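Trainee: Please find one structure pasted underneath; my questions will follow.
The values are calculated or read from the model by the stated rules, or taken from the named source; none is laboratory data. What you see is a predicted model, and the numbers here were worked out from it, not measured in a lab. Reconstructed Cβ throughout: ideal geometry from the backbone, glycine too, with neighbour counts over all protein chains shown. Areas reflect the complete protein model, heavy atoms only, side chains present, ligands, DNA and RNA absent. Shrake-Rupley method; radii C 1.70, N 1.55, O 1.52, S 1.80 Å.
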Amino acid sequence: MSARDVDLITTHINADFDALASMLAVSKLYPGAFLVFPGSQERNLRNFFVQSVCYLYNFAKLKDVPLERVRRLIVVDTRQINRIGPLSALAAHPQVEVHAYDHHPDSPDDIKTSWQIVEPLGSTTAIISRLLEANKLAITPDEATIMALGIYEDTGAFTFTSTTPQDLRAAAWLLGRGANLNIISSMISRNFTSEELALLKDIITSRYSREIHGITVVIATVSRPAYVPDLAGVAQKVMDSDNIDVFFTLARMEDKIYLVARSRLPQVDVGRLARILGGGGHPSAASATLREVSLETAQEHLLTLLADNIKPRCLAGDLMTAPVVTVPPSASIEQTHEIFLRYHINVLPVVEDDRVLGIITGRTVEVALNHSLGPLPVSEYMDSDVETVSPEATLAEVEHYIVQQRRRLLPVIANGRLTGVITRTDLLQHLLDNPSLPEYSPYALEQLEGARRHDVQRLLAERMTRETGLSLRRMGALAADMGSRVYLVGGGVRDIIMRLPSQDLDVVFEGDAIEFARRFAAGHPGVKVKENPKFATAKLFFNDQPPIDLASARLEYYQSPAALPEVRMSSIKLDLYRRDFTINTLAIHLNPDQYGTLIDFFDGMHDIKEGVVRVLHNLSFVEDPTRIFRAVRFENRFGFKMSRQTESLIKNALRLEVLDNLSADRLCQELKRILELDEPCACLGRLGGFKLLQALHPALKMDPGQKELLQRQEEVLSWYHLSFLSTPVKNWVYYAMGLLAPLDDRALETVLARLRLAPKIGAEIRAARRQGQHMHNQAQRNRNLPPSAIYDLLKDLKLESQLFIMAGSKQEAVKRAVSGYLTVWSKIKTEITGKDLLALGFVPGVSLGAVKKRILAARLDGLARGREEELALAQEELREGRSSSPRNG
């Protein structure tokens with residue numbers, strides 16, 4: 001049974017701002033607690049919070065909280081059990097403490113609490129604020145603002161008769177901690193619904209200003225899963241409150257984008273802009289509804305339209321290059337390479353019957369040739385995820401695809417036929433020819449090759465220990481002193497963003513990482529360095545924190561499929577470009593001038609948000625087939641899904657039999673990583689779906705029988721852990737026994753040789769198969785085997801073999817036998833010792849051990865229940881002069 005070690009904070013359904021503020025406030029009293037709304041009714045309020053300050057707090061979805069581990073349930077702003085939805089069962093659980101903070105009067109259906117504070121104040125937030133003040137707990141201005149908003153809302157801005165002096169004192173304390181009255185005032189000055197209040201807060205939080213030819217334009221973007229009425233009224237309230245001249249609000253609600261536009265200046269005709277977007281209105285007030293576009297795309301449209309309003313429009317037909325050089329899908333890699341050389345281009349559309357099937361780049365073709373894949377058709381490695389535009393597409397659309405989605409080539413389609421293409425060069429030339437393009441534009445020149453940037457400094461501080469955070473800052477300072485840059489990269493950054501435990505810390509230095517490590521260690525006593533000159537890497541070991549891996553920013557290339565990479569120095573972008581999947585291409589600046597800035601060249605943040613495992617290069621799995629295993633592991637670990645292109649590339653690579661070139665060590669290592677999971681069945685099923693296991697041996701198939709065996713293994717392992725048995729299990733050995741179970745002896749030896757497993761591991765697998773069958777036969781002959789016989793069958797086997805026998809048998813007698821051995825009989829020892837036997841008159845030698853075994857068998861079978869009975873049996877043995885081998889229980 002799992003230990004109860006989790007605190008959970010919740011409130012009532014249909015939560016208001018006092019409920020939200022109380023949850024936030026009480027989390028200061030219960031560090032590390034999960035904050036969970038009790039039902040879907042809070043979706044709008046939760047979205048408000050996520051959009052505003054979610055990254056700062058430990059809010060979670062109810063389904064993601066391990067309810068079986070909850071030890072304390074902290075309920076705020078209610079005590080009524082029927083108002084906490086599905087958490088009512090947890091409140092009634094005898095092993096769960098319930099703490100309550102409330103300002104409502106008692107009611108008959110109140111939760112039975114272990115501890116509570118209930119006071120007749122105007123708000124629950126005021127109660128908890130007083131506790132925070134008394135305990136001298138620090139809060140940020142953002143937290144103070146949200147908490148003050150809860151008090152203001154529940155007291156009607158101190159006008160309700162329920163308001164008390166304590167509410168006013170709490171508000172004063174929050175004001176002294178930085179609460180923003182402008183935000184609070186704008187929220188409560190009209191009788192908005194709770195949904196509109198949340199929408200108002202998001203608009204205020206997300207707004208930003210742009211100077212467009214001397215005019216300040218304010219833009220806000222918000223998102224809602226359901227339609228919220230009176231967007232125009234909420235937007236007008238913001239405009240009036242802050243005296244804004246030109247204001248645009250873009251709101252995603254359900255599957256549409258709603259635009260509300262307001263202008264007090266004759267220079268900005270919002271009606272004209274709205275009409276371009278399919279809406280209407282007059283010069284000072286207008287609106288539009290956009291369908292089948294993202295909020296980001298809508299924002300890009302708007303920004304470009306604002307710039308285009310004072311300069312000639314540029315459409316896709318004006319930008320495109322024509323006629324177009326194309327390649328058919330049947331063309332070989334070699335033929336495609338000749339076309340690239342002939343026309344001096346580096347990207348081609350793959351076209352058949354006027355349909356654009358994909359895009360192929362010169363780099364992909366060169367890598368394919370390097371791996372001797374020249375005869376293969378180009379369709380095998382083209383990128384089939386293609387976006388197209390019409391000749392009437394606006395500059396905003398073109399920029400969205402080429403800049404935001406990083407498309408190398410954008411086909412232009414008219415009447416179903418390819419009429420031209422737009423390349424990065426075409427767009428770059430247009431930008432150079434139009435220097436009046438505002439610097440603020442998301443399509444500024446540097447963004448063509450630049451990265452999206454996010455400030456994650458606070459999140460970084462939250463996920464790091466103080467010691468590790470200090471070390472990272474010191475590394476940044478040293479890099480700056482050396483005139484270079486250093487970054488936190490890879491899976492560690494991914495885990496920080498996803499708020500997962502970070503297994504590794506990898507740091508990349510733009511320069512000589514070994515020299516950087518030496519200088520860092522020289523300046524910090526106690527830090528030790530382990531160097532690896534071949535790969536230009538080093539490892540730093542600390543006394544008070546986990547080690548940090550250091551690498552030079554590098555570019556890798558593969559001499560042949562499945563070979564280990566060759567390495568040379570590079571920049572951070574090229575270093576990230578060599579990685580496997582987009583979710584692993586994120587980096588965080590550590591230099592002081594940009595500390596905590598996340599850079600995202602390859603849309604890793606988007607794929608994390610969407611839950612997608614996307615390979616970075618079309619030949620990635622050919623160059624390194626172990627990435628196939630990693631893709632499957634990431635799907636399982638994060639609950640993600642591979643992109644369609646990634647799945648297709650895996651199948652292409654397996655058709656080339658790339659695993660045949662993979663060394664036994666690397667193949668075994670990747671299989672071990674999957675088999676080390678507590679529940680590897682899903683991963684193995686995915687590998688089976690790709691027929692990857694059959695690449696090891698044709699008989700390795702994830703058929704229903706194999707899946708059933710592995711699922712029984714998962715159940716047995718779970719039973720073992722829940723039984724609090726302490727001997728650690730080598731998961732990978734245990735599951736390897738199940739994976740290889742369908743093989744006959746000859747096939748088993750073939751696979752063991754292919755994986756080059758250690759001889760002792762092979763011996764364990766053979767012994768488990770042999771002894772499992774023997775035990776099965778014994779149980780069929782005698783369903784009531786005595787404990788001593790079971791002990792003799794199992795005692796010489798490793799724990800993994802014992803558990804496998806338990807999982808592998810469908811006979812209840814065998815399962816009970818192994819269970820009894822592991823929980824009881826394996827722990828039984830005789831009370832008498834060899835010295836006792838010698839004292840009785842036995843002669844030292846082999847016979848002495850035989851006597852001890854017979855006495856242990858009697859003890860196991862209940863024929864000797866203590867020291868005296870054991871001595872009596874020994875004396876009987878002595879009188880009979882027995883010295884033969886121990887009898888079989």
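Trainee: Of the conditions (1) at pLDDT 90 or above; (2) surrounded by fewer than 12 Cβ atoms within 10 Å (Cβ to Cβ), GLY841 clears all except one; give me its number.
Mentor: (1)
Trainee: Might you let me know whether region 695-704 holds any residue that is open to solvent by 20 Å² or more (accessible area, probe 1.4 Å) and more than 24 Å from LEU659 (Cβ to Cβ)?
Mentor: Yes, some residue in region 695-704 is open to solvent by 20 Å² or more (accessible area, probe 1.4 Å) and more than 24 Å from LEU659 (Cβ to Cβ).
Trainee: Turning to a different aspect of this structure: Return the residue satisfying two criteria in turn: it lies in region 417-450 and is surrounded by 16 or more Cβ atoms within 10 Å (Cβ to Cβ) and part of a strand (DSSP E or B), and of such residues it is modelled with the lowest pLDDT.
Mentor: Result: THR423.
Trainee: Same structure again: With buried (at least 17 other Cβ atoms within 10 Å of the Cβ), of a type in the set (A, V, I, L, M, F, W, C) and farther than 28 Å from ARG4 by Cα as the only criterion, which of LEU121, LEU90 stands out?
Mentor: LEU121
Trainee: Here are some residues: ILE599, ILE608. Which one is out of contact with any Pro (no Cβ under 7 Å at 6 or more places or on another chain) and either part of a strand (DSSP E or B) or over 25 Å from TYR381 (Cα atoms) (or both)?
Mentor: ILE599
Trainee: How many residues does region 350-369 contain that are open to solvent by 50 Å² or more (accessible area, probe 1.4 Å) and either in contact with a strand residue (DSSP E or B) (Cβ under 6 Å, 6 or more places away or on another chain) or closer than 21 Å to VAL403 by Cβ (or both)?
Mentor: Looking only at that region, the number is 2.
Trainee: Quick check, is ALA226 surrounded by fewer than 16 Cβ atoms within 10 Å (Cβ to Cβ), among the hydrophobic types (A, V, I, L, M, F, W, C) and outside any strand (DSSP E or B)?
Mentor: yes
Trainee: Which one of these is modelled with pLDDT of 90 or more, surrounded by 13 or more Cβ atoms within 10 Å (Cβ to Cβ) and farther than 21 Å from LEU197 by Cβ: LEU131, LEU62?
Mentor: LEU131
Trainee: Do we find a residue being outside any helix (DSSP H, G or I), closer than 24 Å to ILE219 by Cβ and either open to solvent by 10 Å² or more (accessible area, probe 1.4 Å) or touching an Asp or Glu at 6+ places or on another chain (Cβ under 9 Å) (or both) anywhere in region 175-185?
Mentor: yes
Trainee: Restricting the first residue to region 619-630 and requiring it to be open to solvent by less than 10 Å² (accessible area, probe 1.4 Å), which pairs with a second residue that is basic (Lys, Arg) meet a Cβ separation below 6 Å and a spacing of at least six or different chains?
Mentor: So the pair list comes out as SER620/ARG627; PHE621/ARG627; THR626/ARG666.
Trainee: Which one is modelled with the highest pLDDT among residues in region 381-413 that are in a loop (DSSP other than H, G, I, E, B), of a type in the set (Gly, Ala, Ser) and closer than 24 Å to LEU306 by Cα?
Mentor: Among residues in region 381-413 that are in a loop (DSSP other than H, G, I, E, B), of a type in the set (Gly, Ala, Ser) and closer than 24 Å to LEU306 by Cα, the one modelled with the highest pLDDT is SER390.
Trainee: Still on this model: Could you list, in sequence order, all residues of region 451-480 that are within 21 Å of PHE602 (Cα to Cα) and part of a loop (DSSP other than H, G, I, E, B)?
Mentor: If the condition is that a residue be within 21 Å of PHE602 (Cα to Cα) and part of a loop (DSSP other than H, G, I, E, B), then ALA451, VAL456 are the ones that fit.
Trainee: So LEU856 clears everything in (1) open to solvent by less than 10 Å² (accessible area, probe 1.4 Å); (2) aliphatic (A, V, I, L, M); (3) within 30 Å of ARG879 (Cα to Cα); (4) at pLDDT 90 or above except one condition, right? Which one?
Mentor: Going through (1) open to solvent by less than 10 Å² (accessible area, probe 1.4 Å); (2) aliphatic (A, V, I, L, M); (3) within 30 Å of ARG879 (Cα to Cα); (4) at pLDDT 90 or above one by one, LEU856 breaks only (1).
Trainee: Right, next: How many residues does region 493-529 hold that are surrounded by 22 or more Cβ atoms within 10 Å (Cβ to Cβ) and of a type in the set (Gly, Ala, Ser)?
Mentor: Here the count works out to 2.
Trainee: May I pose another question? Within region 546-578, track down each residue that is at pLDDT 80 or above and either assigned to a strand (DSSP E or B) or of a type in the set (A, V, I, L, M, F, W, C) (or both).
Mentor: Correct list: ILE548, ASP549, LEU550, ALA551, SER552, ALA553, ILE572, LEU576.
Trainee: If the requirement is being surrounded by 13 or more Cβ atoms within 10 Å (Cβ to Cβ), closer than 20 Å to ARG712 by Cβ and touching a residue at least 60 places away in the same chain (Cβ under 8 Å), which of these qualifies: LEU755, LEU743, LEU822, LEU794?
Mentor: Among LEU755, LEU743, LEU822, LEU794, only LEU822 is surrounded by 13 or more Cβ atoms within 10 Å (Cβ to Cβ), closer than 20 Å to ARG712 by Cβ and touching a residue at least 60 places away in the same chain (Cβ under 8 Å).
Trainee: Sticking with this structure for a sec: Filter region 797-819 down to residues that are hydroxyl-bearing (Ser, Thr, Tyr) and either in a loop (DSSP other than H, G, I, E, B) or open to solvent by 20 Å² or more (accessible area, probe 1.4 Å) (or both), then give me how many there are.
Mentor: The qualifying residues number 2.
Trainee: Can you find a residue in region 153-161 that is open to solvent by 40 Å² or more (accessible area, probe 1.4 Å) and closer than 17 Å to ALA19 by Cβ?
Mentor: yes
Trainee: Within the set of pairs 6+ apart or on separate chains, which have a first residue in region 520-545 that is in a helix (DSSP H, G or I), a second that is open to solvent by 40 Å² or more (accessible area, probe 1.4 Å), and C-beta atoms under 6 Å apart?
Mentor: From region 520-545, the pairs are ALA521/VAL529; PHE535/VAL567.
Trainee: Cβ contacts < 7 Å: first residue closer than 16 Å to ASP255 by Cβ, restricted to region 221-239; second residue open to solvent by less than 30 Å² (accessible area, probe 1.4 Å) and modelled with pLDDT under 85, any location; separation 6+ or different chain. Result?
Mentor: Cβ pairs passing all conditions: VAL228/GLU196.
Trainee: Sort out which residues of region 775-788 are within 19 Å of ILE855 (Cβ to Cβ) and buried (at least 19 other Cβ atoms within 10 Å of the Cβ), and write them in order of number.
Mentor: Result: PRO787, SER788.
Trainee: Hey, any hits in region 102-111 for a residue that's at pLDDT below 85, within 29 Å of ALA226 (Cβ to Cβ) and either of a type in the set (Val, Ile, Thr) or surrounded by 19 or more Cβ atoms within 10 Å (Cβ to Cβ) (or both)?
Mentor: no
Trainee: Just one of SER390, SER384, SER379, SER372 is open to solvent by 30 Å² or more (accessible area, probe 1.4 Å) and over 23 Å from GLU647 (Cα atoms); which is it?
Mentor: When all the criteria are applied, what remains is SER390.
Trainee: Out of the helices (runs of 4 or more DSSP H) lying entirely within region 665-783, which hold 3 or more residues that are closer than 23 Å to PHE634 by Cβ and among the hydrophobic types (A, V, I, L, M, F, W, C)?
Mentor: Here the list reads 681-689, 731-739.
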